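Student: Here it is: the structure, laid out below.
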Amino acid sequence: MAAPESASASVPGSVLVPVPPVSSIAFVERMEKHWVETLGNASSDKLRAIWGQLAEAFGQAIGAHGTDDERTWRVLQPPTGTGKTQGLCVYAAMLAEGNLRVADGNKVGMLVVTRLIDQCNEVVESINHHAGAKVAIAKHSEAMVSADEVAGSDILVVTHQAYVNAAIGLAGDRADKWSVLVEWNHGRRKLTVIDEALANMVEEYQITSSAISQALGHIPEEIRMRFPDPILCLREADEIFQKMSEMVAAKPEYAMTMTRMVWKGTMAMPPESSMDGLRAALWNHPYDQTVLQENSLATRHRFRDRVDETLQGLEGVMANWAYYASKGDRHTLNCARLAIPDSLPGPAVLDATATQNFLWELFSHKARVYAVPADARAYGNVTLHVARCDGIGKTKMEQLHQKRLQRLLADLAARLGQGRRVFLCCHKKVAPYAKTFEPEFAKYSVGHWGAIDGRNDWKDCDVVVLFGLSYRDQLTWANNAFMAFQGRQEDDWIQNPVFKQYDDVRIEMQRRQIAVSVIQALNRVQCRKVIDEVGNCAPTDAFILLPRGAAGDSILDSIQADMPAIKVAAWDFELDQECSREPTVRRGSSHEAILAHMESKERGEYPVTDIRNELEISYEKWRENVAPCLRNPEHPLAKGLVDLQVSYLPGRGRGGSKLVKQ
């Protein structure tokens, strides 16, 4: 018997429970048929449990339409290779088919958000194939579709960036861009499925002291006279930088880094201070002639884009809370906010790395993370070869990549032989050089951080090599992300960033962010494909460079947690000759100062806070350059303190740790 057209079913004496538009039993049956007969994969009870959870969560999101629970983010974490995108397409097709059998008021519209344009097109093609009709449509910069076509489609598919741009437009009085996504001919779409976590959920604004002073210098007097209020904002920002720079100069302990809130809440910029008019007046300004006295369209556009970006950033900062950060000679004002509105209809996220993604912990007041059915995947056929080295972030890798790449590829050629299919992941600026090599492998492909997540381009490779790690700026990225999700913080949190059980949540955020990117990269190759009913993959070798100490250990722990049964082997590869050197205590360093300081002390307990103040070591420098060495018994600083009969007692928060001399 067909399901009734009413959207709910009831038992006498019970609360009405919405009937899901797609039966989870029917969905699992159809998904299994597609998985086995069309894709040639093996099925299992655990896979069926994952698919059933997918349908149930989607149905719950749809059923919550019009209730307070509609705004809950449902985060599912089906492991890579268990058919999350395939399942999304099958479900969307079944939803559209169901719309043909119900009255207009009960039809369900769906929005799908994917990372890339190619993925948009693939999802649309797959949905329409499953439905046997054109029920899905893609809307992006390369798809010319009319507003009527979008409004008439059961399923609308857009990219992450288009989705965030529309959300930002809603906040900036461009509600029409948002309504195109969430409204259709039968009212409001009731389900939004985001394939992979939104990498750009946080909208960040930053202006630098140099950019502000340059903008002031480049704007001609006649334009300044026409826009006195925006120019006043520029001057106020310049004065803030001058005052903060004076504070840094007056405090030796701030010489390297300093972070503090500049103002609380918004500055409530009046409409006349909007940068729109000034930006428009400067758009065609001949900077090439007024600044450099030359005629160059490229130069003109370069200056135009730089000034325009500064004015946009200034408006964003001035309209929100902001904090000042200095790192060396770089001085910035920063703020951030969530780009996603509360009016998002029935959000469900498919994030294979949700357990490791710390953003969901920050978003726990709005997100419900579903526990993944256990043991759906097994990675016992994957061997992770681990080398420990220093200098594997973007800066060092870009500086030294030529010699390092030659050494790396020679090492891999000797280990692997010619018959292997190799995918190399590196930093963006390293990729062009990496592609110039022609090693004697059966296949050799190169990708870069920021452009690999969710892609299937390398699914036939049996070797993956991660050449460097994708760090983010811990000083500003972690501050921005934390405050976007948790709200503006005060100076005491900035100096002592405790959250739940984490003494320094920014370090945890950095490590977890790296772990997420690493796990995504490892699963771009053939280990993503299930080959039997227990979730195994074909034999795969993975090579990774990890930092020494606790940071590397934490990333490795995350990999093992997300890829159960993976084998870990030591990789005796030296990235640089320096990797084999024993660390030493440098003359004139903070380490030498600490040893000399404790040598002069009598027996007793000495709080770390007092030691930092006496030696004028900033909190950030202690946290990054001293504390990890104190926790490593093999480091010369730790060994030197042991020789002085000094032990390190870590404590909670900034003021709890001590050095104790016997």
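Student: Report, by residue number, each residue of the stretch 453-500 that is under 17 Å from the mean Cα position of the chain (by Cα), more than 20 Å from Ser326 (Cβ to Cβ), in the same structural domain as Lys529 (by TED's automatic domain parsing) and surrounded by fewer than 18 Cβ atoms within 10 Å (Cβ to Cβ).
Tutor: Arg455
For every residue, the table says whether it meets (1) closer than 20 Å to Leu216 by Cα; (2) not assigned by TED's automatic domain parsing to the domain that holds Cys527.
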residue: Gln289; (1), (2): yes, yes
residue: Ala325; (1), (2): no, yes
residue: Leu344; (1), (2): no, yes
residue: Pro347; (1), (2): no, yes
residue: Phe363; (1), (2): no, yes
residue: Ala374; (1), (2): no, yes
residue: Arg388; (1), (2): no, no
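Student: Determine, yes or no, whether Arg524 is free of Cβ contacts under 8 Å to residues at least 40 places away in the same chain and basic (Lys, Arg).
Tutor: no
Student: Something else about it: Name, by its number, the condition in (1) surrounded by fewer than 17 Cβ atoms within 10 Å (Cβ to Cβ); (2) touching a His at 6+ places or on another chain (Cβ under 8 Å); (3) not β-branched (Val, Ile, Thr) that does not hold for Pro341.
Tutor: (2)
Student: Scan the stretch 328-336 and give yes if some residue there is modelled with pLDDT of 85 or more and closer than 30 Å to Val182 by Cα, otherwise no.
Tutor: Within the stretch 328-336, one or more residues are modelled with pLDDT of 85 or more and closer than 30 Å to Val182 by Cα.
Student: Can you tell me which of Gly109, Gly83, Gly40 is under 29 Å from Ile531 (Cβ atoms) and surrounded by 22 or more Cβ atoms within 10 Å (Cβ to Cβ)?
Tutor: Gly83
Student: In this structure, is Val382 of a type outside the set (Ser, Thr, Tyr) and surrounded by fewer than 22 Cβ atoms within 10 Å (Cβ to Cβ)?
Tutor: Spelling it out, it is not the case that Val382 is of a type outside the set (Ser, Thr, Tyr) and surrounded by fewer than 22 Cβ atoms within 10 Å (Cβ to Cβ).
Student: Now, a different point. Could you identify the single residue in Asp457, Asp411, Asp453, Asp390 that is in contact with a Lys or Arg (Cβ under 9 Å, 6 or more places away or on another chain), closer than 21 Å to Arg548 by Cβ and not in a strand (DSSP E or B)?
Tutor: On inspection, the qualifying residue turns out to be Asp390.
Student: Step by step: first the residues of the stretch 129-171, then only those that are of a type in the set (S, T, N, Q) and either buried (at least 21 other Cβ atoms within 10 Å of the Cβ) or within 30 Å of the chain's Cα centre (by Cα) (or both), then the one that is nearest to Pro341 (Cα to Cα). Which residue is that?
Tutor: Among them, the one singled out is Asn165.
Student: Give me the residue from the stretch 189-248 that is at pLDDT 90 or above and part of a loop (DSSP other than H, G, I, E, B) and, out of that set, farthest from Asn284 (Cα to Cα).
Tutor: Residue satisfying both the conditions and the ranking: Lys190.
Student: Looking at (1) farther than 15 Å from Ile194 by Cα; (2) among the aliphatic types (A, V, I, L, M); (3) surrounded by 23 or more Cβ atoms within 10 Å (Cβ to Cβ), can you tell me which one Leu100 breaks?
Tutor: (3)
Student: Output yes when any residue across the stretch 542-554 is outside any strand (DSSP E or B), outside the structural domain of Glu624 (by TED's automatic domain parsing), at pLDDT 90 or above and over 25 Å from Asp411 (Cα atoms), and no when none is.
Tutor: So far as the stretch 542-554 goes, no, none of its residues is outside any strand (DSSP E or B), outside the structural domain of Glu624 (by TED's automatic domain parsing), at pLDDT 90 or above and over 25 Å from Asp411 (Cα atoms).
Student: Right, another one. Restricting attention to the stretch 174-210, and to residues there that are among the small types (Gly, Ala, Ser) and surrounded by fewer than 20 Cβ atoms within 10 Å (Cβ to Cβ), which single residue is nearest to Ala325 (Cα to Cα)?
Tutor: Looking at the filtered set, the residue picked out is Ser210.
Student: Let me ask something additional. Go through (1) part of a loop (DSSP other than H, G, I, E, B); (2) β-branched (Val, Ile, Thr); (3) surrounded by 18 or more Cβ atoms within 10 Å (Cβ to Cβ) and name the single condition Val446 misses.
Tutor: Here Val446 clears every test but (1).
Student: Any idea how many residues of the stretch 603-651 are acidic (Asp, Glu), buried (at least 18 other Cβ atoms within 10 Å of the Cβ) and more than 27 Å from Ser326 (Cβ to Cβ)?
Tutor: Going through the stretch 603-651 one residue at a time, the tally reaches 0.
Student: Another question, if that's okay. Give me a count of the residues in the stretch 589-625 that are touching a residue at least 60 places away in the same chain (Cβ under 8 Å) and of a type in the set (Phe, Trp, Tyr).
Tutor: Summing the residues that are touching a residue at least 60 places away in the same chain (Cβ under 8 Å) and of a type in the set (Phe, Trp, Tyr) in the stretch 589-625 gives 1.
Student: Please work out which one of (1) farther than 30 Å from Asn41 by Cα; (2) surrounded by fewer than 20 Cβ atoms within 10 Å (Cβ to Cβ) is the condition Gly63 fails and give its number.
Tutor: (2)
Residues are listed down the side, and each one gets a yes or a no for (1) aliphatic (A, V, I, L, M); (2) in contact with a Ser or Thr (Cβ under 7 Å, 6 or more places away or on another chain); (3) closer than 29 Å to Ser517 by Cβ:
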| residue | (1), (2), (3) |
| --- | --- |
| Arg300 | no, no, no |
| Arg304 | no, no, no |
| Asp308 | no, no, no |
| Met318 | yes, no, no |
| His331 | no, yes, yes |
| Asp342 | no, no, yes |
| Pro345 | no, yes, no |
| Ala354 | yes, no, yes |
| Leu362 | yes, no, yes |
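Student: Just to be sure, is Val568 in a strand (DSSP E or B) and of a type in the set (A, V, I, L, M, F, W, C)?
Tutor: The answer is yes for Val568.
Student: Among Val505, Val525, which is within 30 Å of His365 (Cβ to Cβ) and crowded, with 18+ Cβ neighbours inside 10 Å?
Tutor: Among Val505, Val525, only Val505 is within 30 Å of His365 (Cβ to Cβ) and crowded, with 18+ Cβ neighbours inside 10 Å.
Student: Please work out which one of (1) crowded, with 17+ Cβ neighbours inside 10 Å; (2) assigned to a strand (DSSP E or B) is the condition Arg368 fails and give its number.
Tutor: Here Arg368 clears every test but (1).
The values are calculated or read from the model by the stated rules, or taken from the named source; none is laboratory data. A quick note: this is a predicted structure, and the numbers were derived from the prediction, not measured. FYI the Cβ positions are ideal-geometry reconstructions off the backbone, even for glycines, and counts take in every protein chain you see.
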